[in-house]
Structure formats: structure tokens, C-alpha cells
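Just below is one structure, and these are the notes that go with it.
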Amino acid sequence: TENDIISLTAAGTGGLEAAVVNFLSPGDKVLAVSIGVFGERFAKIASTYGAVVTKLRFADGEAADPAKVDAALEADPSIRTVLITHNETSTGTTNYLPAFAPIFKKHGVLSLVDAVSSLSAIDLKVDELGLDVVVTGSQKGWMVPPGLAFVSVSPRAWERSETATMPRFYFDMREAKKILAKGQTPWTPAVSVFYGLDVALDMMLKEGRENIFARHQRCADIAREGVKELGLKILPNECFASNTVTAVWAPEGIDVGQLRKTLREHGVVVAGGQGALDGKIFRIGHLGWVHEEDMRAAIAALRLSLDKLGYRAPAAAV
Ligand SMILES: *Cc1c(COP(=O)(O)O)cnc(C)c1O
């Protein structure tokens, strides 16, 4: 993107909060497109600050339907802002944003995008798509410890920020923009994380953007094929399965907590489910500094762990 990028010392959620408070006013009507826990969180932040949120929630594992988003904006022309998640980490599902961008354009809405677990790993052409505010976080695809959130802001969004009246102080990005011209931040930044980021960005420039996207695709393919070979089912609709995290249904009779513990003993850490999916799924991350051999090792450990816990792959899958 050629848009301004503001670095905030915060978790990714701080970046989402900054996206809300800088461009919205209490009473503003907002369409929140939600396909999981993080979509719900974005909506909750907006309603906490007084936005009037219309929520469009899709089933876990399904991507948002562009036609339904179009219809919701058609039905209420007073909606001026849309919140959408690029990659829903809780379900391992990616919204294909090029299908939504023309709809946002047609209705003239400002788009606030949670790309925390995708930006730098899954292609997102921010300027070509005309996405106004895009949020990501240091600990995801950027391969460094948590502590920084990055928010890109379009000229149109800066204009909106001049009239937005939600209360803001620490996250006032106009202040950040002003002082950025002097190479400074308004408050003490997470300096140590910037040093790590400097190294990570060098690595990324060396590897090249397209190569990074392709590597994530290959890692995701290994994860998906690997679990399927074990006779397991992935949660998302295959067409929208994420290249940065694979969500897998725990097989009948296998306790997710036990499985995670056994995997950890084999040196592999996987996440459980969030919210209503707790105890039902586990999630294999393949985001950032991850390579094919890591994925093959993870699948091998999964095979071993499941075997230890008494799981037998259905004959058809073997
Ligand atoms: C990780 C993540 C966030 C932010 O998480 P923090 O714990 O606040 O850093 C937001 N949205 C998505 C989709 C995420 O994966």
C-alpha cells in the first residue's frame, strides 16, 4: 500500500480499537461482517464505543457471502462503514476480499479490515481493492514478538477522522501521523519489537512477497492433505480454507486437551478451539516463520499422538 502506516504499541486488538475510534462517531451505523470470534470482537469494540452495529454473522467455517453483504448495504443506505475480517483465525477461514471490494465501492462505505492473521502471508492488494483501514499485528505474519499493531489509513479515512467524534487519546492516529513526520511516536514505543521487526523485514524482502505467499500456500496444503490422510475433517469449507491456520474437527472419542498435551510432548504446540468451538476442534498454525519441513514434522507428530490416544484412521483414509 501507498497509504500511511501507523505503528501502535498494542496487541492486535488495540489496532482494531484504533480503527474504530478514529473513524467512527457514536450513533454511526456500521455493518459488521462476522465469520467467527474475531469478527464478533470487532463488532463488540464498535458497539462498546456507541456505534449502532448491524451484524451479519455467517456459520463457522463459511466465508461471508458477498451477495448478502450487498443486500444488507442496499437495505440500509445510512450505513457508512463496514467491518470485515480478512482471515478468521478461530475457524481457519479466509474471506476473499476482491469479491467484496466492488460492493464497498458501489455503496461508498468506508472499509475497516481485520487482517491481523493474514497480512504479509496471504495476498491482500490494499490499494487496488481500495481498502480504507487495514490492521495487522507484529506477532502474526511479521514473525516477531507481540507488542506492535500496524494500521494503514487511506486518504478518505483520514478525511473521515476529522469529523469522527468517538473518544480517543492513546490511539489518536492523527497525533501519531503528525509526529511520524519527525520520525517519532507520541508515546513510548515497544522499541525492542521494532529491532526484531527490522530483522524480520530484511528476511521478508530477501525472500520476496510472492515467494512468501507461495510458501504459506504449500504449508497449508501439507496441513490439509496431512489431516485428511489421517481421516480427519477440516472445519472450513475447503474453498475458503486459510493458508495461515488449519482448523480440524477432533475425531470422535479424542479429547482435545489430551491431544494437545500429547502433541506438546512431541514438541508440537497446537491451539484448541475458541468460544463455542472449545473442545471440538484443534488448530494448526502455519503463519510467519514456518516451512514445509515444520509442517511434515507436525503431521508426523499428530499421527503418533493420535495413535497413542487410541485413534484408528478409518480404513478408507489409510
Ligand atoms: C490475533 C488476532 C487478533 C488480535 O489479537 P491480539 O491478541 O489482540 O494481538 C485480531 N484478529 C485476528 C483475526 C487475529 O488472529
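Sorting the segments 282-290, 177-185 by their residues' average number of neighbouring beta-carbon atoms within 10 angstrom, most packed first, yields 282-290, 177-185.
In the range 217-318, Rg over Rh equals 0.92, where Rg is the alpha-carbon radius of gyration and Rh the Kirkwood radius from pairwise Cα distances. 3J(HN,Hα) couplings calculated from phi for the range 272-282 with the Karplus curve 6.51 cos²θ - 1.76 cosθ + 1.60 (θ = phi - 60°) are, in sequence order, x, x, 10, x, 5, 8, 4, x, 9, 10, 10 Hz; Gly and Pro show x. Taking amide H atoms as placed 1.01 Å from N in the peptide plane, the amide H of ALA51 lies under 5 Å from those of GLY27, each 5 or more residues away in sequence or on another chain.
For the range 254-271, putting each phi into the Karplus relation 6.51 cos²θ - 1.76 cosθ + 1.60 with θ = phi - 60° gives couplings of 9, 7, 4, x, 5, 4, 5, 5, 5, 4, 4, 5, 9, x, 10, 9, 10, 9 Hz, in residue order, rounded to whole numbers and with x for Gly and Pro. With a ≥ b ≥ c taken as the square roots of the eigenvalues of the C-alpha gyration tensor of the range 1-148, please select rounded if a/c is under 1.5 and otherwise prolate if a/b is larger than b/c or oblate if it is not? Rounded, since a/c falls under 1.5. Among rounded, prolate and oblate, which fits the range 147-248 when a ≥ b ≥ c are the square roots of the eigenvalues of its C-alpha gyration tensor, a/c under 1.5 means rounded, and a/b larger than b/c means prolate? Note, shape of the range 147-248 comes out prolate.
Seen from ALA271, the other residues with C-beta closer than 14 Å to its C-beta sum to a net charge of +4, counting Lys and Arg as +1 and Asp and Glu as -1.
Distance between the pseudo-spin-label points of TYR170 and ASP278 (7 Å out from Cα toward the beta carbon): 2.5 nm.
What is the angle, in °, between the Cα long axis of helix 12-23 and the longest principal axis of the Cα atoms in the chain? Nearest 10 is fine, range 0 to 90. Once rounded, the angle reads 30 degrees. Contact order, relative form, for the range 145-267: 17 percent (alpha carbon pairs under 8 Å, 6 or more residues apart, mean separation divided by residue count). Each peptide in 89-95, 266-272 receives the mean, over its residues, of other Cβ atoms within 10 Å, and ordering these scores from highest gives 89-95, 266-272.
Accessible surface of the range 1-56, 1.4 Å probe: 51 percent of it comes from carbon and sulfur atoms. Among rounded, prolate and oblate, which fits the range 106-157 when a ≥ b ≥ c are the square roots of the eigenvalues of its C-alpha gyration tensor, a/c under 1.5 means rounded, and a/b larger than b/c means prolate? Prolate, since a/c reaches 1.5 and a/b exceeds b/c. A Förster radius of 25 Å combined with the Cβ-Cβ distance from ASP4 to ALA99 puts the calculated FRET efficiency at roughly 0.45. At a probe radius of 1.4 angstrom, the accessible area of the range 30-91 per residue rounds to 37 square angstrom. Measuring between alpha carbons in the structure, the pairs from LYS105/LYS125; LYS29/LYS106; LYS68/LYS228; LYS29/LYS178; LYS233/LYS261 lying more than 24 angstrom apart are LYS68/LYS228; LYS29/LYS178. Sequence-ordered 3J(HN,Hα) estimates for the range 216-227 from the Karplus curve with 6.51, -1.76 and 1.60 and θ = phi - 60° stand at 5, 4, 5, 5, 5, 4, 5, 5, 5, 5, x, 5 Hz, glycine and proline given as x.
Here, the chain yields an orientationally averaged convex hull projection of 16.5 nm² when only Cα atoms define the hull. Scoring 156-168, 20-32 by mean Cβ neighbours within 10 Å over their residues and listing the highest first yields 20-32, 156-168. Rounded to the nearest 500, the 222 nm mean residue ellipticity of the chain from helices alone is -12500 deg cm²/dmol, with -39,500 (n - 2.57) taken per DSSP H run of at least 4 residues.
The values are calculated or read from the model by the stated rules, or taken from the named source; none is laboratory data. What you are looking at is a predicted structure, and each value in this text was computed from that prediction instead of being measured. Virtual Cβ from ideal backbone geometry, glycine too; neighbours counted across all protein chains shown. We work out accessible area using only protein heavy atoms, side chains counted, and drop any ligands, DNA or RNA first. Shrake-Rupley method; radii C 1.70, N 1.55, O 1.52, S 1.80 Å.
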